[in-house]
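Trainee: Input: one structure, supplied below.
Please treat every number below as a calculation from the coordinates, not as lab data. Here the structure is a predicted model, which means the values were calculated and not measured. Neighbour counts are summed over all protein chains in view; Cβ atoms, including those assigned to glycine, are modelled from backbone coordinates with ideal geometry.
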Amino acid sequence: SDDGKLSFDEFKAYFADGVLSGEELHELFHTIDVHNTELLIDDMGFLLILEYFSQHLGEYENVLSVLEDLNITILKAMDKTKKDYQKASNLEQFVTRFLLKETLNQLQSLQSSLECAMETTEEQTRQERQDPTKPEVLSVQWPGKRPARRLQRNNSLLPNSLHFSTGWFEEDSQWMTQINRLQKLIDRLEKK
């Protein structure tokens, strides 16, 4: 909220993943709220959340670091494109549009792999808990989510389905194919 305070309800709306129950979310909130204020306030609240999650980053510390670098790199490239595009030749403009499209395709492929992994882990956790329904259903729409597609994919992620056990591999294989294709194209462009 704009008041600089994060209440439990706001915490729950942001962190509810459809797997943890309200009670488990409340327990997590109190684990983070070491001062038992029932509010995570301003920078101190942010620092408490940051400290909690930083203890559990593991391999994702590298992932988040690379994503931050990637974000900066993409923004720099787009800024340069914005400055140079109008005065570029038709061929240079075409190459720029192509590279933007390929970059977007790569990011969408990566997003698809991440969504699949996230949905698979959520489904696996629900199966382990033997609770096929979501304990907390909130009407929070996250940016970039596609509900209809997610429903279709959820139907194919049953534990006995082939996609459940090989989905990540298939996604990674497609992603690597696209990366290799893009790398070959970049190599050819650099040689010219």
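Trainee: When Ile74, Ile32 are ordered from fewest to most other Cβ atoms inside 10 Å of their Cβ, what list results?
Mentor: So the residues, fewest neighbours to most, are Ile74, Ile32.
Trainee: Give a quick list of trypsin sites (Lys or Arg not before Pro) in the stretch 71-126 that DSSP marks as loop, anything other than H, G, I, E or B, with at most 13 other Cβ atoms within 10 Å.
Mentor: Loop-located and lightly packed - Lys87.
Trainee: Right, another one. Report, by chain and number, residues whose modeled amide H sits under 5 Å from the one on Leu6, excluding near sequence neighbours (fewer than 5 apart, same chain).
Mentor: Counting only residues 5 or more places away or on other chains, the set is Leu40, Ile41, Asp42.
Trainee: A further question follows. Arrange Ser21, Ser109 by Cβ neighbour counts within 10 Å, fewest through most, would you?
Mentor: Least to most surrounded, the residues fall as Ser21, Ser109.
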